[in-house]
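A.B. asks: Sharing a structure, written as structure tokens. Questions coming.
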Amino acid sequence: WGGLPLVINTWSFKDATTTAWKTLNSGGSILDALERGCAQCQSEQCDGSVGYGGSPDEKGETTLDAMIMNGDTMEVGAVGDLRRIKDAIGVARAVMERTKHTLLVGESASIFAENMGFAAEDLTTNKSLDMFTKWLNGNCQPNYRQNVSPDPLTSCGPYKPSAVLQQRRSVQHIDIHAHDTIGMIVINQTGNVAAGTSTNGAKHKVPGRVGDSPIAGAGAYADSAVGGAAATGDGDVMMRFLPSYLAVELMRTGTDPTTACQTAIKRIKQHFPHFFGAVICANTTGGYGAACNKVPGFSSFPFMVYNLQSTDPVQRA
Ligand code: SD4
């Protein structure tokens, strides 16, 4: 397996893995490694689904979700529906380290971030604007289950009942071709575990929507007595099952990481056979694994691993 230290993260976000590994190896803490690894993806706008300029909501705005968890202290910091601030993982860490709280959301989270010295910037880019315009003009999908009158400012509505009913059993806010939250687990030489996520969430969501990524136990979970886990995919479905928590709890009772991830995925699949998503996990002996459901183009889930066996991060799938 390659032992410790170990960095693993979702998808083929190699620069994030390398950044986290280098941070750890130059004396940074597990939290530093986790934060810088995820921040790397935020500034690269990994796959358009991490950081600014992606997944515009129904009004065209990009909002961000992120969390960080310290498996030594079981402290968590998270932000949901963060606006105007690019460094979501940095703000999540500030919530953890500079407040008594766990999760801050929306406009108030942005004000908190500004007060903590994070720069306020427009998260919209030409690309996200273009995505938004195309959606409005061509492929406007209802987000509502019933024919409720949506916000009149949303030019996508009013929704037609037939379209809504059709949508009802197949609510799919995630564009499965651009869907790649970074979820990362960092374990140092002595088995201290951190886990976290960063994402711009679901495309064309109802403003205010927060996904699984900033929810402890859903987007990620860490416990230095066991290991860590992180998830990616259709957060609206996945967050109901706390898959990261479940994977860690299974590893606690001796389940190997791959089986733990598979079981967490299976649990969701029992209720939502067509959901799209994946879970990665790792334990404090350096074991790791992943499992997924319905990831297009992949028969198994691609994720990056960096440990003492590899001089470069290696993609596993
Ligand atoms: C969310 N889980 O907001 C995130 C999106 C994602 O792969 O991971 N997509 O639902």
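A.B. asks: Any chance you could run the full-extension gain for Arg252 through Glu121? It's 0.36 nm times the residue separation minus the Cα-Cα distance, nm to one decimal.
C.D. replies: Roughly 42.9 nm would be gained on extension.
A.B. asks: If eta is 0.692 mPa s and T is 37 °C, what Stokes-Einstein diffusion coefficient results for the chain, Kirkwood Rh from Cα pairs, in µm²/s?
C.D. replies: Here the translational diffusion coefficient equals 171 µm²/s.
A.B. asks: Comparing Asn143, Asn200, Asn283, which has the greatest mean-square fluctuation in the GNM of the chain with Cα pairs linked when under 10 Å apart?
C.D. replies: Asn143
A.B. asks: Between Asp15 and Gln189, how many nm apart are label points set 7 Å from Cα along the C-beta direction?
C.D. replies: Distance between label points: 2.9 nm.
A.B. asks: At 7 Å along Cα-to-Cβ for each site, give me the label-to-label distance between Ala317 and Ser43 in nm.
C.D. replies: Between Ala317 and Ser43, the simple spin-label model gives 2.8 nm.
A.B. asks: Helix 257-271 sits at what angle to the longest principal axis of the chain, using alpha carbons and giving 0 to 90 degrees rounded to 10?
C.D. replies: 20
A.B. asks: For the chain, what does the relative contact order come out to in percent, with C-alpha contacts under 8 Å and a separation of six or more?
C.D. replies: 23
A.B. asks: Using the Cα centre of the chain as origin and beta-carbon charges of +1 (Lys, Arg) and -1 (Asp, Glu), tell me which of Leu250, Gly90, Ala16 is placed farthest towards the positive end of the dipole.
C.D. replies: Highest projection toward the positive end goes to Leu250.
A.B. asks: With +1 on each Lys and Arg Cβ and -1 on each Asp and Glu Cβ, how big is the dipole of region 224-317 about its Cα centre, in debye rounded to the nearest 20?
C.D. replies: It works out to roughly 240 debye.
A.B. asks: Determine the dipole magnitude for the chain: charges of +1 sit on the beta-carbon of Lys and Arg, -1 on that of Asp and Glu, nothing else is charged, the reference point is the Cα centre, and the result goes in debye to the nearest 20.
C.D. replies: Value, rounded to 20: 880 debye.
Readers should treat all values here as calculations from the given coordinates under stated rules, not as data from a laboratory. Everything numeric here is computed off the predicted structure, so don't read it as measured data. Reconstructed Cβ throughout: ideal geometry from the backbone, glycine too, with neighbour counts over all protein chains shown.
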